[in-house]
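Undergrad: This structure is in structure tokens; I'll ask about it shortly.
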Amino acid sequence: MKIEGSIRSNLLSAISSARRWRCRPVHKDTVTYWRGVLEHGRRIDAGPLGEPVAELVAELESELASVRVR
């Protein structure tokens, strides 16, 4: 997966999109992308020089917990 821009901006975008689609069916490819951003955020946050994104990772995890895949 290729991430364009900062992981922080990608996490914010994924969170915003997931909120817009809350309680509605979401295409599998979109959910796969959001999960990829989430995994990338986890790796970055765990690194010694990573951006502080733990809160955003937690927010996206919470949003993905309620996603319905169509």
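The values are calculated or read from the model by the stated rules, or taken from the named source; none is laboratory data. Quick caveat, the model's predicted, so the values are computed rather than measured. Don't worry about glycine lacking a Cβ; one is built from the backbone with ideal geometry, like all the others, and counts go over all protein chains shown. Accessible surface is based on the protein model in full, side chains and every heavy atom, while ligands, DNA and RNA are left aside. Shrake-Rupley method; radii C 1.70, N 1.55, O 1.52, S 1.80 Å.
Undergrad: Given +1 on the Cβ of Lys and Arg, -1 on the Cβ of Asp and Glu, and no further charges, what dipole in debye does the chain carry about its Cα centre, rounded to the nearest 20?
TA: That gives the chain a dipole magnitude of about 440 debye.
Undergrad: Leaving ligands, DNA and RNA out of it, work out the accessible area of Lys28 with a 1.4 Å probe and give it in Å² to the nearest 10.
TA: Rounded to the nearest 10, that gives 130 Å².
Undergrad: With a probe of 1.4 Å, find how much accessible area the chain has per residue, and write the answer as a whole number in Å².
TA: Computed with neighbouring chains in place, this is 66 Å² per residue.
Undergrad: Quick one: ranking Leu49, Leu64 by accessible area, 1.4 Å probe, largest first, what do you get?
TA: Highest to lowest solvent-accessible surface, that is Leu49, Leu64.
Undergrad: Just the number, please: carbon plus sulfur as a percent of the accessible area of the chain, 1.4 Å probe, no ligands or DNA/RNA counted.
TA: Of the solvent-accessible surface of the chain, carbon and sulfur hold 53 percent.
Undergrad: Before anything else, pin down the relative contact order of the chain: Cα pairs under 8 Å, at least 6 apart, normalised by residue count, whole percent.
TA: So the answer I get is 48 percent.
Undergrad: Heavy atoms of the protein only, probe of 1.4 Å, neighbouring chains included. What is the accessible area of Arg43 in Å², nearest 10?
TA: About 150 Å², ignoring ligands and nucleic acids.
Undergrad: Taking Rg and Dmax of the Cα atoms in Å straight from the coordinates, which label in [x] 11.7, 38; [y] 16.1, 49; [z] 15.1, 49 is the correct one?
TA: Computed from these coordinates, Rg and Dmax of the Cα atoms in Å corresponds to label [x].
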